[in-house]
1. Please pick out the residue among 173, 241 that is surrounded by 14 or more Cβ atoms within 10 Å (Cβ to Cβ) and closer than 28 Å to residue 110 by Cβ.
2. Take the residues in the stretch 1-31 that are within 16 Å of the ligand (Cβ to nearest atom) and free of Cβ contacts under 8 Å to residues at least 60 places away in the same chain; name whichever of them is farthest from residue 73 (Cα to Cα).
3. Using the structure shown, decide if residue 229 is at pLDDT below 95 and surrounded by fewer than 17 Cβ atoms within 10 Å (Cβ to Cβ).
4. Test residue 281 against the stated conditions and say whether it is within 13 Å of the ligand (Cβ to nearest atom), touching a residue at least 12 places away in the same chain (Cβ under 8 Å) and not in a strand (DSSP E or B).
5. Name the residue that is nearest to residue 249 (Cα to Cα), counting only residues in the stretch 32-47 that are within 10 Å of the ligand (Cβ to nearest atom) and surrounded by fewer than 22 Cβ atoms within 10 Å (Cβ to Cβ).
6. Has the stretch 208-226 got at least one residue that is within 16 Å of the ligand (Cβ to nearest atom), over 22 Å from residue 283 (Cβ atoms) and at pLDDT 95 or above?
7. Of the residues 100, 78, 82, 122, only one is touching a strand residue (DSSP E or B) at 6+ places or on another chain (Cβ under 7 Å), within 15 Å of the ligand (Cβ to nearest atom) and on the phi < 0 side of the Ramachandran plot; which?
8. Please state which one of 102, 125, 114 is buried (at least 21 other Cβ atoms within 10 Å of the Cβ) and either out of contact with any helix residue (DSSP H, G or I) (no Cβ under 7 Å at 6 or more places or on another chain) or in a loop (DSSP other than H, G, I, E, B) (or both).
Ligand SMILES: NC(=O)c1ccc[n+]([C@@H]2O[C@H](COP(=O)([O-])OP(=O)(O)OC[C@H]3O[C@@H](n4cnc5c(N)ncnc54)[C@H](OP(=O)(O)O)[C@@H]3O)[C@@H](O)[C@H]2O)c1
């Protein structure tokens, strides 16, 4: 694996990169990397104000960055469709699609489409979005799905997939959604390969990085104190974004690669838990996701 700093030699100035959740945390750092290295960056944000602030921050570093800010709420299929329409109106090809946005361990809630919110935002929202944008992907495009080592705790139970029958666990739903990111990566990779397309689909995880992801949920002051102590020793958001950036640019990437952090400047290939590699689980999730979202991928 090449070192992260070697990526500096890769010219990204001709690339168009779309990043979901680009206003904060790892998505912001990923957007910052690509924008300050000359790429055209489409940055999605739930709130245009937060997105504008993020763009301004990047532009204080490099004023002439090429940034396009568009509103996207992955918890709302109308917003996903509006976002896709606006991206189509830009009349360009996407070279790198980074499905990064996410929520973690939130209390039980439903998205506007009636999905459990973590599965809805982290997996189904990106599943629908990627289908809608698929025709814009360049022939050798790269799709990066941001997962987590929490996928190791994830299980799939299609009889109670979105906790319709109760027994909701905030971390269980998060882990399941992050396992779905991997299952989806492999399922999409198989379909891309069966259609003889050159696109590459990979996934990444940051380890643990200090971001807004840990702000969710009501916690006692004591728990908040210990979370603060824990976060003081973990990676920064900038370090946490490196596996994602490597996943997007690694010249030796092949579909299915799963990038994670090794040391501050090194990225390694991870082995996901066996269930993520299970073909039946992958195709079951694909069928379930198509059924729920009615997404149409131009793939056989
Ligand atoms: N940080 C870690 O240690 C860690 C570890 C493993 C995996 N990850 C993964 O890394 C990814 C990025 O997380 P992060 O750590 O950077 O967290 P973060 O700082 O909280 O950023 C999350 C981003 O997702 C956006 N988002 C949340 N709900 C959304 C929705 N409904 N529609 C559209 N965008 C939405 C947020 O927008 P708002 O600002 O509007 O909320 C924000 O831009 C996630 O997929 C997460 O699972 C992170």
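The values are calculated or read from the model by the stated rules, or taken from the named source; none is laboratory data. Being a predicted model, the structure only gives us computed values, none of them experimental. As a convention, Cβ positions derive from the backbone with ideal geometry for all residues, glycine included, and neighbour counts pool all protein chains shown.
1. 173
2. 31
3. Criteria met by residue 229.
4. The answer is no for residue 281.
5. Of everything passing the filter in the stretch 32-47, 46 is nearest to residue 249 (Cα to Cα).
6. Among the residues of the stretch 208-226, not one is within 16 Å of the ligand (Cβ to nearest atom), over 22 Å from residue 283 (Cβ atoms) and at pLDDT 95 or above, which makes the answer no.
7. Unique residue meeting the criteria: 100.
8. Selected residue: 102, the only one of 102, 125, 114 that is buried (at least 21 other Cβ atoms within 10 Å of the Cβ) and either out of contact with any helix residue (DSSP H, G or I) (no Cβ under 7 Å at 6 or more places or on another chain) or in a loop (DSSP other than H, G, I, E, B) (or both).
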